[in-house]
Structures are given as C-alpha cells and as structure tokens.
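Step one of this worksheet: look at the structure below.
The values are calculated or read from the model by the stated rules, or taken from the named source; none is laboratory data. Values in this document were obtained by computation on a predicted structure and should not be read as measured data. Positions of Cβ are backbone-derived with ideal geometry, glycine not excepted, and every protein chain shown enters the neighbour counts. The accessibility values were calculated without ligands, DNA or RNA, using every heavy atom of the protein model including side chains. Shrake-Rupley method; radii C 1.70, N 1.55, O 1.52, S 1.80 Å.
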Amino acid sequence: MHFMQLLKSLDELLYEVMSWLVFFPLTLWRTLTQPITMMEYADSELHDPEEQQYEDALSPPLFLLLAILITQAISMSIDSGTNTFVADQAGLASLIQDDTSFLLLRLAVFSLIPMAFAVSQVGGRKRRMTRKGLQAPFYAQCYPVAALALTLGVCTSILSSNTGEGPRLAAQLLIVVALLLFLALEIRWLRRRLHCGWLKATGRAAAAFAVGICTAIGLAWLFT
C-alpha cells in the first residue's frame with residue numbers, strides 16, 4: 001500500500017513539474033502583455049476553493065520562484081566559476097553554503113518588493129494590517145515582480161559576461177526601460193486600488209519601490 005501511495009505521489013509530482021513547462025511561458029506572456037489583468041486574476045483566484053485556484057496559470061509565488069530559478073540557471077551557465085556568495089564565508093555569507101541556499105536568498109530579496117507594495121496598498125486603504133489582508137495584494141504583486149526579476153537577472157548576467165559593448169549597452173538600456181515600465185504599472189495599479197489621483201499614486205509607488213529596493217539591497221549587503 002505504501003509503495004502504491006509513493007508511485008501515486010511521484011506521478012502527481014512528475015505531472016506538476018512537467019506542467020510548469022507549459023504554464024510558465026503562458027503565465028509570463030500574459031504578465032508581459034496584460035499585467036493589470038494578471039494582477040486582478042491573482043487577487044480574485046484567492047476567493048475560489050483551494051483546489052480550483054490558478055487552474056490556467058502558475059500561482060504567483062511559484063511563478064516568482066521559477067523566474068528567479070531561471071535567472072540563477074542563466075547566471076551559472078554564463079559564469080562557470082564559483083559563486084562569490086558561496087565562496088565568501090565571512091560573516092553572514094557563511095550561511096550561503098551552496099547554490100540552493102543562494103537561490104533562497106535571491107527569493108527573499110526579490111520578495112521584499114511585492115511585500116512593500118502590498119503594505120503600501122493595505123495602508124493606503126486604511127485597513128488593519130493582517131496576514132490575511134496582505135495575502136491578496138502580495139500575490140498580485142508577484143506576477144510583475146517575477147517578470148522584472150527575470151529581466152534584471154538576464155541583463156545582469158549579460159553585464160557580468162565577456163560580451164561586446166553592443167549587448168552590454170542593450171542590457172543597460174533594457175534595465176532602465178524595465179524599471180520605468182514597472183513603476184508606471186505600479187502607479188496605475190495603486191491608482192485603481194486606492195481610487196486616488198496620479199500624484200498620490202506616484203508618491204506611494206515611488207515610496208514603496210524605494211523601501212523594497214533599499215531593504216533588498218540592505219539584506220544583500222549583509223551577505224557580502
């Protein structure tokens with residue numbers, strides 16, 4: 001009986017992993033082409049029964065995790081040397097023993113950005129800060145942040161490689177464009193959610209982004 005249960009579990013795991021090959025690019029495409037729709041989708045799906053949630057897309061946290069996993073794989077393929085975080089064992093860097101722990105650190109760093117915007121949204125609506133109340137805003141933010149993380153990861157890998165000036169310049173330009181588009185999206189989103197004007201939405205988006213980025217940089221700095 002235990003052996004049959006193990007086979008069934010492996011069967012479900014294999015199907016789940018293989019389904020990522022289909023739904024990751026689909027989720028990425030929909031996030032890039034219809035970001036507001038996907039953010040609303042992430043929010044609304046939480047109201048469905050758990051077994052019916054995110055049937056036609058990856059769940060937001062899983063999408064963010066896979067995006068960061070892909071960026072790390074690209075980085076490792078370009079730079080075949082030992083990761084500096086793994087090699088450096090001084091201070092808190094000693095906690096980063098292998099690429100798996102480094103992946104968890106990257107996930108924690110990028111997760112700070114959606115959390116900062118989720119806190120800003122809940123605070124802007126003057127609602128009590130609760131774990132349940134933060135979940136929907138956090139999930140909604142994971143979709144665009146995953147796309148941003150994937151873009152930044154690919155671009156920084158290009159910048160750290162030995163490519164020519166052309167690709168490096170294109171990567172730098174893409175980073176700037178991606179950040180501007182992300183901020184513009186967040187301004188639109190906060191304006192819709194908070195029912196406020198452009199000025200207030202811009203201020204809140206800029207503040208949340210600054211808090212998320214500064215906290216992420218501070219966390220990363222502790223491990224350098």
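Of all accessible surface on the stretch 150-207 at a 1.4 Å probe, what whole percent is carbon and sulfur? Walk me through the numbers before you get to the answer.
On the way: 2310 of 3410 Å².
The C+S portion of the solvent-accessible surface of the stretch 150-207 is 68 percent.
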So for each of 191-200, 160-169, 63-72 I average, over its residues, the number of other beta carbons within 10 Å; can you give me the resulting order with the highest mean first? 63-72, 191-200, 160-169
Sequence ranges 114-126, 33-45, ranked by mean other-Cβ count within 10 angstrom, highest first: 114-126, 33-45
Separation of alpha-carbon centers, the stretch 108-168 and the stretch 170-184, rounded to whole Å: 13 Å
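In Å², and per residue, what accessible area does the chain have when probed at 1.4 Å with the other protein chains present?
Working: 12980 Å² over 224 residues.
In whole numbers, the chain has 58 Å² accessible per residue.
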Dipole magnitude of the chain, debye to nearest 20 (Cβ charges: Lys/Arg +1, Asp/Glu -1, about Cα centre): 1340 debye
Dividing the mean separation of Cα pairs under 8 Å (6+ apart) by the residue count of the chain yields a relative contact order in percent of 26 percent
